[in-house]
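The values are calculated or read from the model by the stated rules, or taken from the named source; none is laboratory data. Being a predicted model, the structure only gives us computed values, none of them experimental. Note that each Cβ is placed from the backbone with ideal geometry, even for glycine, and that neighbours are counted across all protein chains shown. Keep in mind that these areas ignore ligands, DNA and RNA; they rest on the heavy atoms of the full protein, side chains included. Shrake-Rupley method; radii C 1.70, N 1.55, O 1.52, S 1.80 Å.
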Amino acid sequence: MNSLHLYLTHLDHNFGVIRNQLKTTTQIIGVVKANAYGSLAIPFTKRLVELGVDKLAVAYTEEGIFLREKGIKTPIMVFYPQQHTIPDLIAANLEPCMYSKALLENIELLLNKKEIKNYPVHIKYNTGLNRVGFPVDEVDFVLQKTKQPCFRLESVYSHLAATEEDRPSKICDLQIERFNQIKLQHMAASEKPPQFHLLNSSGVFNYPECQMDAVRCGIAFHGYANNVAWDALLKPVAELESIISQIHQVEKGEAVGYDNGWIAPQKVQIATLPLGHADGIGRHFGHHKVQVTINGQQAPIVGNICMDMLMVDVSGIRCQAGDRVRFFDQTQTAAAFAEKGNTISYELLTSLGPRIKRQLHD
Ligand SMILES: *Cc1c(COP(=O)(O)O)cnc(C)c1O
């Protein structure tokens, strides 16, 4: 009925594009949080591992445990581990990103209690995004603590607030400056310095000189880098397709959908599709914001999107119940579709619900 077609050869292509932007020595951390951005966590992750990512990363411990349960052996960073999940995180051999004194001390305590030495950990600094991370004035604390034998400090990183913004970006420049300072302090204090990294997908394109030892890419593997020029180098992996459930004729002046969302300005043909806001096509896409493609022609979404369905105006389009409907593909990409609904590819892709069947194409 509703299918999210996933073209893994496009992932291969996108990985190659990212690899080519980087020095051969720069490592790639494959970010596969939120079910690999709403796709299919396991096949997507396995393909990334085959392609040669050096590490994987997820947002939360539970996501890392899921990957381990499915047999993924590659090192996995957990960007935002919550305190109560640390015992499970260690049991699954996941690598915590430590972002606060309390979290670090909690992990230290647990490792010491279990007499674990050299456990791989990462440090996240807050250089200006003001979300999570050690403040820049806690470098001394971090340096002293991460020397403990229970830890092996693998990497030190920060996250930029607006890598897709045209350069010069005031916030990114400030963050880069702060991070370089932190890097110097770590380098001066370590015999064997950790890795340093700053960039996400759009950062790879916009700040290649800041690639350091590794980059953390997620959305680029799906075909997007938040800028039309960079997107043109990549190929969207996911295409969303639905079908027509029913078509009716609606007379001039009649309403379509909940709350008289749209009044037909003339006699029209309305097609109902089995996809709604419960599936991730939110109400912000209603009221003629976006068009879907039916038999090569464009049909606007009319009125309010329902939970399980939405209606499109197919007047003048030759179509019938059962015909396929394209929401986004290589022509109208998920990024372009999202923009018309005033959102971004990340939100659209990760909102697609479980009623949409993921279909792999190799
Ligand atoms: C999600 C995330 C990334 C990946 O960002 P993309 O824009 O998808 O490449 C990188 N770093 C951190 C810390 C993240 O949370």
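Numerical summary
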read-out: Approximate spin-label separation Lys70-Glu50, in nm, with each point projected 7 Å along Cα-to-Cβ; value: 1.4
read-out: All aspartates and glutamates inside 13 Å of Lys73 as judged from Cα atoms, apart from same-chain residues fewer than 8 positions distant; value: Glu50, Asp54, Glu95
read-out: Within the chain, helix-based [θ] at 222 nm, where runs of 4 or more DSSP H residues each add -39,500 (n - 2.57), nearest 500; value: -8500 deg cm²/dmol
read-out: Residue pairs, from the table Lys23/Lys340; Lys252/Lys289; Lys55/Lys183; Lys170/Lys289; Lys70/Lys101; Lys55/Lys145, whose Cα atoms sit over 28 Å apart; value: Lys23/Lys340; Lys170/Lys289; Lys70/Lys101
read-out: Proportion of all alpha-carbon pairs of the range 299-340 beyond 15 Å (%); value: 56
read-out: Cα-based reach from Lys113 at 13 Å (exclusive), listing aspartates and glutamates while leaving out same-chain residues under 8 positions away; value: Glu105
read-out: Cleavage-rule hits (trypsin sites (Lys or Arg not before Pro)) in the range 285-361: DSSP loop, at most 12 neighbouring Cβ within 10 angstrom; value: Arg318
read-out: Projected label distance in nm at His84 and Gln249, using a 7 Å step from Cα toward the beta-carbon; value: 6.0
read-out: Spin-label pair Gln266/Ala91, simplified geometry with 7 Å Cα→Cβ offset, distance in nm; value: 6.7
read-out: Normalised alpha carbon radius of gyration of the range 239-361 [divisor 2.2 N^0.38 Å]; value: 1.00
read-out: Charge tally in the Cβ shell below 14 Å around Ile281, where Lys, Arg are +1 and Asp, Glu are -1, Ile281 excluded; value: +1
read-out: Length-normalised contact order for the range 7-231 - Cα pairs under 8 Å, 6+ apart - percent; value: 20
read-out: Per-selection Kirkwood Rh - the range 124-280 (Cα, Å, 1 d.p.); value: 19.9
read-out: Calculated FRET efficiency for the pair Asp173/Glu115, C-beta based, R₀ 35 Å, to 0.05; value: 0.20
read-out: Estimated vicinal HN-Hα couplings, Hz - the range 87-94 in sequence order (Karplus 6.51, -1.76, 1.60; Gly, Pro = x); value: x, 5, 4, 5, 4, 8, 6, 9
read-out: Inverse of mean 1/r across different Cα pairs in the chain, Kirkwood, Å; value: 22.3
read-out: Qualifying GluC sites (Glu not before Pro) for the range 187-246 [loop in DSSP, other Cβ within 10 Å: at most 16]; value: Glu191
read-out: Thr331-Leu360 FRET efficiency (beta carbon distance; Förster radius 25 Å; 0.05 resolution); value: 0.75
read-out: Whole-Å semi-axes of the ellipsoid equivalent to the range 1-58 (Cα gyration tensor, √5λ, descending); value: 22, 13, 8
read-out: Average accessible surface area per residue within the chain, 1.4 Å rolling probe, Å²; value: 45
read-out: Accessible surface of the chain, 1.4 Å probe, proportion on carbon and sulfur as whole %; value: 49
read-out: From phi via Karplus (6.51, -1.76, 1.60), per-residue ³J(HN,Hα) for the range 7-22 in Hz, x at Gly/Pro; value: 9, 5, 5, 6, 4, 4, 4, 5, 4, x, 4, 5, 4, 5, 6, 10
read-out: Karplus-derived HN-Hα couplings along the range 329-341 (A = 6.51, B = -1.76, C = 1.60, θ = phi - 60°), whole Hz, x at Gly and Pro; value: 7, 7, 8, 8, 6, 4, 5, 5, 4, 4, 4, 5, x
